[in-house]
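A short write-up of the structure that comes next.
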Amino acid sequence: MSTSAPDRARTTAAAPRPGPVAPRRTRPSGGRVALHATLAVLSLLMVAPFVWMVLSSLKSRAEVTAYPPTFLPQDWHWANYPDALGYAPFGTYFTNSLVIAVSHTVLNVVIAAMAGYALARVEFRGRSLLLMLVLGAMMIPTFTKIVPQYLLAKTMPFFGGNDFLGRGGNGWLDSWWVLIVPGAVTPLAIFLFRQFYLSLPRELEEAARIDGLGEFGIFARVMTPLMKPAIATVSLITFENSWNNFVWPLIVTRSEDLRVIQVGLAAFQQAERTLWEFLMAGTVLATLPMIVLFLFTQRYFVQGFATAGIK
């Protein structure tokens, strides 16, 4: 006996519907537990020097040099921070480091983005050779370039009393030029931008050409706005390298007005003694900008390194 359509509908509506299936909880394997334990121990080892530095900056001079050392300070000397700032013109050092780091970051992002786009998207003769030169420049150790860069800065024509042959004066030495220009662009930034531009679909470029955009319009209005992970990655790396640079500013500057914060920290290291409590306090203050910058850009930074090698 067949049932009518209304009867089937009432039967279907009256039947209980199955509820959501609860996900099965799987116990973590032994290998996964060991991996997490290892990562936790490594994380503690990585953060331990920073914690020790912060605690040492709050100790007295006798306590910070005592043996055996103590972990927590007996008396919290918060006055170490204003005393350290008053010991040397750290306001000037901080401003100089900030100006140099921001200049390097802006110039490196702009120039490296254009170079990376050209190597990834523009067809021209010698592009592969230029890419090989960029990769080769990445393999040159930093300290092997200091002497050639110093000689180029000292013999820069028409600067610092030099003639057109670069003789007779100091060139760019002890000036803002020598602090900003040598770090204006890095091969690593060019390579990272090239990898990111290669990961973008070709259809975006073709659609922009159909709409009448030129090459620079495609670069500035279509491709680059999609490069937030690359821009954040290059900006953070460039700012960190520039902010922590010590050797180059120490070699090429003599004026107190051009000292950077990393060189200024050496004021606490005297011939007869080292003011460890002030040195630790100044180092904590010098580290804070990088921590804040990383906290704001870590999402793009991790995404950038995760996707840089896709193509």
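Under the condition of being in contact (Cβ under 8 Å) with a residue 40 or more places away in the chain and not charged (D, E, K, R), which residue from segment 150-178 is surrounded by the fewest Cβ atoms within 10 Å (Cβ to Cβ)?
From segment 150-178, those in contact (Cβ under 8 Å) with a residue 40 or more places away in the chain are 150, 153, 172-176, 178; that's our starting set.
When the remaining residues are screened for being not charged (D, E, K, R), the result is 150, 153, 172-173, 175-176, 178.
Values: 150: 18, 153: 25, 172: 24, 173: 18, 175: 19, 176: 14, 178: 26.
That would be 176.
Going by the conditions given, is residue 43 within 18 Å of residue 279 (Cα to Cα) and out of contact with any Lys or Arg (no Cβ under 9 Å at 6 or more places or on another chain)? For residue 43, the condition - within 18 Å of residue 279 (Cα to Cα) and out of contact with any Lys or Arg (no Cβ under 9 Å at 6 or more places or on another chain) - is not met. Of all the residues in segment 245-266, those that are surrounded by 14 or more Cβ atoms within 10 Å (Cβ to Cβ) and either in contact (Cβ under 8 Å) with a residue 24 or more places away in the chain or not assigned by TED's automatic domain parsing to the domain that holds residue 184 (or both) number 13. Considered as a group, the residues in segment 120-164 that are closer than 25 Å to residue 223 by Cα and charged (D, E, K, R) include one that is farthest from the chain's Cα centre (by Cα), and that residue is 125. Being modelled with pLDDT of 90 or more, touching a helix residue (DSSP H, G or I) at 6+ places or on another chain (Cβ under 8 Å) and not polar (S, T, N, Q) is not true of residue 132. One residue alone among 189, 184 is under 22 Å from the mean Cα position of the chain (by Cα) and surrounded by 17 or more Cβ atoms within 10 Å (Cβ to Cβ), and that residue is 189.
Note on segment 89-117: residues that are in contact with an Asp or Glu (Cβ under 9 Å, 6 or more places away or on another chain) and either aliphatic (A, V, I, L, M) or loosely packed, with under 15 Cβ neighbours inside 10 Å (or both) amount to 1.
Of the residues making up segment 267-285, those that are of a type outside the set (Val, Ile, Thr) and in contact (Cβ under 8 Å) with a residue 12 or more places away in the chain are 267, 268, 275, 276, 277, 278, 279, 280, 281, 282, 285. Checked against (1) over 17 Å from residue 104 (Cα atoms); (2) among the polar types (S, T, N, Q); (3) at pLDDT 90 or above, residue 199 passes all but a single condition, namely (3).
Say we look at segment 200-242 and pick out the residues that are among the charged types (D, E, K, R) and crowded, with 16+ Cβ neighbours inside 10 Å; which of these is nearest to residue 97 (Cα to Cα)?
Going through segment 200-242, the residues among the charged types (D, E, K, R) turn out to be 202-203, 205-206, 209, 211, 215, 221, 228, 240.
Retained after the next criterion (residues that are crowded, with 16+ Cβ neighbours inside 10 Å): 205, 240.
Values: 205: 39, 240: 11 Å.
Per the criteria, the residue is 240.
Highlighted here are the helices (runs of 4 or more DSSP H) found entirely within segment 59-159 that include at least 3 residues which are closer than 29 Å to residue 224 by Cβ: 90-121, 127-138.
The values are calculated or read from the model by the stated rules, or taken from the named source; none is laboratory data. Source: prediction; values computed, not measured. Quick reminder, even Gly has a Cβ in these numbers, built from the backbone with ideal geometry, and neighbours come from all protein chains shown.
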